[in-house]
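What follows draws every value from the coordinates through simple rules; no lab data is involved. Please read these numbers as outputs of a predicted model, since none were measured by experiment. So basically every Cβ, Gly included, is an ideal-geometry build from the backbone, and we count neighbours across all protein chains shown.
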Amino acid sequence: MLERVNKAIPGTYVFTADPKPNNNFYGVIVGQELPFFEAQKLRDEISEKLNIKDAYLSRYTN
């Protein structure tokens, strides 16, 4: 997924997050922290370009 996002929007800061306890999935983190409205626009742009229907916003804390 990292490669797909990088190809769709080159130069976007993309990395994986460690899975949460009791969850086998790794989150794909896209971009630096943004104001909510800008984060929504980035999510929508990536979702449309990659035909992703279940993308969501979440504050990443490490």
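Odds and ends about this structure:
- Length-normalised contact order for the chain - Cα pairs under 8 Å, 6+ apart - percent: 28 percent
- Coil-residue GluC sites (Glu not before Pro) of the chain, DSSP, other Cβ within 10 Å capped at 14: Glu33
- Loop chymotrypsin sites (Phe, Trp or Tyr not before Pro), the chain (other Cβ atoms within 10 Å of the site Cβ: 15 or fewer; DSSP): Tyr13, Phe25, Tyr26, Tyr56, Tyr60
- Spin-label model, Asp54 to Gln40: label points 7 Å out along the Cα-to-beta-carbon direction sit 2.3 nm apart.
- Charge context of Lys41, other residues only, Cβ under 15 angstrom, K/R +1, D/E -1: -3
- The chain, helix-only ellipticity at 222 nm - DSSP H runs n ≥ 4, -39,500 (n - 2.57), divided by all residues, nearest 500: -10500 deg cm²/dmol
- Residue range of the chain that is longest and free of trypsin sites (Lys or Arg not before Pro) which are both DSSP loop and sparsely packed (at most 16 other C-beta within 10 Å): 1-52
- The angle separating the long axis of helix 36-50 from the principal Cα axis of greatest extent in the chain is about 80 degrees.
- Charge tally in the Cβ shell below 9 Å around Ile9, where Lys, Arg are +1 and Asp, Glu are -1, Ile9 excluded: +1
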